[in-house]
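Trainee: For reference, the structure I am asking about is given below.
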Amino acid sequence: MNLLAGSTGFLGSKILNELSLSQNKTLALSRRMINTLPKNTEQLIIDFKKLSELELPQIDHVFLSLGYPLLFHNVMGIMNNNLKKNLFLVDFTYQLEIAKKAKDAGAKNISIISAVGADPHSWNYYLNTKGKIEKEIINIEFDSTNIIQPGHLRGNIHRFDILLADMASILVDPFLYGPLKKFRSISAKAVAKQVVNNSFNVKSGINYFDFKDFDHWR
């Protein structure tokens, strides 16, 4: 059974839909009901503040797509201390606890949505947090650890700031070549397809995926 944390988010919901196309069942962790569950999916409503009490069935692959909701300028590094606290709680603490619970439930493989530029030493708090959770997930030592590092995710029509970022990406992306190409924007659907494809073709060890891996799924 797959386990997905973050199943109601912009990217997480697309990962859930892709997982539903497989023969394996997926257990979707969420704090609220999913109105329309895809096929091959079960739901577990949880209180994330009580993760220590979480009991999971046998898990094969865990997918982590939790993320505290941020505006585009927050991702760029502008955020107050309260926002930093909430970001760390969701993106680091909750995800780390779920990863450990999944490992205890037998999971051998993990895929985590991070971000291009993630670095535990970054001055940007968002990228700093992403870098720290990557490091901690690696330390758990799953048989296969997939770290997904997309750039800006395009296509969220319900967010005005994201639509503006989408338009900016159209102008900037063509100038990102060589080592900068990994910073190009990509559709969330393309990333979701790559994430799930990885779970069908598991590679042992620590594997990083960025724009070059997502682009052919467009």
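Values quoted throughout were computed directly from the atomic coordinates according to the rules given, and no laboratory measurement underlies them. Note that the structure is a prediction, hence the values are computed from the model and not measured. Because the Cβ atoms are built from the backbone with ideal geometry, glycine has one as well, and the counts that use them run over all protein chains shown.
Trainee: Comparing L27, L163, L19, which has the greatest mean-square fluctuation in the GNM of the chain with Cα pairs linked when under 10 Å apart?
Mentor: L163
Trainee: If you don't mind, there's one more thing I want to ask. Determine the relative contact order of segment 86-218: mean sequence separation of Cα pairs under 8 Å and six or more apart, normalised by residue count, in whole percent. List each step's numbers first, then the result.
Mentor: On the way: 192 pairs, mean separation 33.7, N = 133.
After rounding, I find 25 percent.
Trainee: Also, quick follow-up: Hey, what's the Cα Rg ratio for the chain versus the globular rule of thumb, 2.2 N^0.38 Å? Could you put the intermediate results ahead of the total?
Mentor: On the way: Rg = 16.5 Å, N = 218, 2.2 N^0.38 = 17.0 Å.
Normalised Rg, Cα atoms only: 0.97.
Trainee: Which whole-percent values make up P(r) of segment 64-192 when all C-alpha to C-alpha distances are grouped in 10 Å steps starting at zero?
Mentor: Whole-percent P(r) values from 0 Å outward: 12, 40, 35, 12, 1.
Trainee: Can I ask one more? Cβ under 15 Å from I138's Cβ, I138 left aside: what net charge do those residues give with Lys, Arg +1 and Asp, Glu -1?
Mentor: Values: positive: K100, K103, K108, K130, K132, K135, K203; negative: D119, E134, E136, E141, D143.
Net charge in that neighbourhood comes out at +2.
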